[in-house]
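The next block holds one structure in the form of structure tokens; read it before the comments.
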Amino acid sequence: MAWPLKYRPQKFEDLALRDVREQLLKLVKVGSVPQVFLFAGPKGSGKTSTSRIISSVLNKELDEVEHQKIFSGNSFIVNELDAASNRGIDDIRLLKERVSLPPQLGSKAVYILDEAHMLTREAFNALLKLLEEPPEHAVFILATTELHKIPDTIISRANLIKFRKALDEELKEVLERILHQEKIDFEDQAIDEVIGRSGGSFRDAVKLLETVARGEKKLSVASLEVLGSLSIKEELKLLVNAVISKDEMKLVQVIKTLRDNGEDEKYVYQMLLDLLHNDLMKSLGIEEGEAQFAQKVSLFLLDNLIDLPVNDSSRIAFLSLEVRLLDLVLKAKERSGGSSGSVKSIKKNLQPIIKQATVKKNTPQIEVQSVSDLNDLSDVADVVRSTIKSPSPLSDFRSDNLVDPSDDDMVDLSGVWEEFLKAIEEQNLTLAAIMKSSKLIPEESGISKVGVYYKFHKLQLEQQKQLSILQNCAQEVAGGMPRFEFVVIPQEVGTVSVQEVVPSLEKDVSEALL
């Protein structure tokens, strides 16, 4: 049996998410289990496992065979429905007919609606009536990865339990318990590597562990060769240090190693951001441990990498990351007077890449046969960027993509700002979080100027998708469609502003790369 099934938790005490475990144990202790649950959280966080545990607890009079059928998903008293495939009003009507029949075994029939946010509006309305007065023998568990898409009317009638990504220590506890039961010794570093690649998912962590440990007597770092690089964190530290020391040769070598090892580009990019963010938290004293990089270095790199386009279909892996970091390093060297030979050296290291790249544009067609055709760094960057299939991060908010309301539609949001934020929250929680951390700046021109504290927030707000939501919400609460302007404003961190700590590329980049 596969390990994710073999070691699926079968009682509340086995649940690794402590807050979820405590909520459910409290409900059982007081003897009041709701008839409607809403489980919200990321994939692999235990929503389905918890649903089956509840089903088992509610039918404790069943024998062991029937309980195992519940945990394997083969029980007739537990009905698991995929709302993505059964999302219409007719599907909910059929469900209502089934719910009216009491279970042939056990005392409670449990209905699990996975990906419940996929239901149509009409289906939600039909489901609402069922949830308001459910039959005594029926229990409903709605599971979703996108809570913001569930109507408030449904949420208000359910017992909401929020799941989250697992903490490293919670994953470690689960993986070590499995290895002990399988009688497999292990190295802590190997466990940490599996955890780092799991993305906070219990299911993914157990699947990875089975891949590298099953049949082994000991799980070691060497056992992880099947997953690729054995020291991805160390490689990323080398990469950051190459940027700090302005060593473009070393930078290219590290990227080449990642490329040659066949590392997953999205995984490496996420790990790099995690490394920089964790180091920043340590430097601020929010997390324990000693920071490896200067605070302004972590801030500067996060600010310049947060909007990096990562595209699996790029003809050359890690090309966008390589170009962005080289651009930072070479600009820093030029500003510090160390630019002599920089373009020459980078041409030499990019020669294999340029040979692979035939740059084609609509009119005219350009073919680059040799780096000798390139005059300076900007030429090199232009050619290399052209080999990336993903669009520029600026392409989503070019001026011709932005909605340009007429002057007649201009409205003042200052008097309805709180209502405006609430309307956004109903549409998109992430966007609402950014707007709540922003500041409306009064403007006599009628333009709604919004100040944000980070450049990547400005980039996000200027994207057409987000801008459309803002304008629709403004139309809803103010009766007009304002013209938005987003600017980065200083934010105080102690006595030093973020703009002082995070130098822009127009300033002396070398000050950030110590």
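The values are calculated or read from the model by the stated rules, or taken from the named source; none is laboratory data. Everything numeric in this text was worked out from a predicted model, so none of it was measured. Note: ideal-geometry Cβ built from the backbone for every residue, glycine included; neighbour counts use all protein chains shown.
A few remarks follow.
- Of all the residues in segment 270-299, those that are buried (at least 19 other Cβ atoms within 10 Å of the Cβ) and under 21 Å from the mean Cα position of the chain (by Cα) number 7.
- Selection of segment 402-443 for residues being assigned to a loop (DSSP other than H, G, I, E, B) and modelled with pLDDT under 80 yields 402, 403, 404, 405, 406, 410, 411, 412, 442, 443.
- Criterion (under 30 Å from residue 26 (Cβ atoms), touching a residue at least 24 places away in the same chain (Cβ under 8 Å), part of a strand (DSSP E or B) and aliphatic (A, V, I, L, M)) met by exactly one of 142, 128, 171: 142
- Only a single item in (1) surrounded by fewer than 16 Cβ atoms within 10 Å (Cβ to Cβ); (2) more than 24 Å from residue 17 (Cα to Cα); (3) touching a residue at least 60 places away in the same chain (Cβ under 8 Å); (4) touching a Phe, Trp or Tyr at 6+ places or on another chain (Cβ under 8 Å) is not met by residue 249, and it is number (4).
- Helices (runs of 4 or more DSSP H) fully within segment 1-68 that include at least 2 residues being in contact with a helix residue (DSSP H, G or I) (Cβ under 8 Å, 6 or more places away or on another chain), among the hydroxyl-bearing types (Ser, Thr, Tyr) and surrounded by 15 or more Cβ atoms within 10 Å (Cβ to Cβ): 47-58.
- The residue of segment 102-118 that is surrounded by the fewest Cβ atoms within 10 Å (Cβ to Cβ), among those that are assigned to a loop (DSSP other than H, G, I, E, B) and touching a strand residue (DSSP E or B) at 6+ places or on another chain (Cβ under 8 Å), is 102.
- Lone qualifier among 333, 266, 250, 296 - being over 25 Å from residue 204 (Cα atoms), of a type in the set (Lys, Arg), modelled with pLDDT under 85 and not in a loop (DSSP other than H, G, I, E, B): 333
- Qualifying residue in segment 237-245 (condition: touching a Phe, Trp or Tyr at 6+ places or on another chain (Cβ under 7 Å) and under 23 Å from residue 316 (Cα atoms)): yes
- Residue count for segment 120-152, restricted to those that are more than 21 Å from residue 84 (Cβ to Cβ) and either surrounded by 14 or more Cβ atoms within 10 Å (Cβ to Cβ) or touching a Ser or Thr at 6+ places or on another chain (Cβ under 7 Å) (or both): 5.
- Scanning segment 161-196 for residues that are surrounded by 15 or more Cβ atoms within 10 Å (Cβ to Cβ), within 30 Å of residue 118 (Cα to Cα) and touching a strand residue (DSSP E or B) at 6+ places or on another chain (Cβ under 7 Å) yields 161, 163.
- Of all positions in segment 83-93, at least one carries a residue that is over 20 Å from residue 47 (Cβ atoms), part of a helix (DSSP H, G or I) and hydrophobic (A, V, I, L, M, F, W, C).
- Looking across segment 272-291, the residues that are in contact with a Lys or Arg (Cβ under 8 Å, 6 or more places away or on another chain), closer than 23 Å to residue 199 by Cα and part of a loop (DSSP other than H, G, I, E, B) come down to 288, 289, 291.
- Here residue 161 qualifies as modelled with pLDDT of 90 or more and closer than 30 Å to residue 139 by Cα.
- Counting the residues of segment 77-92 that are of a type in the set (D, E, K, R), crowded, with 16+ Cβ neighbours inside 10 Å and more than 29 Å from the chain's Cα centre (by Cα) gives 1.
- Any hit, segment 38-52, residues being modelled with pLDDT of 90 or more and more than 24 Å from residue 199 (Cβ to Cβ): no
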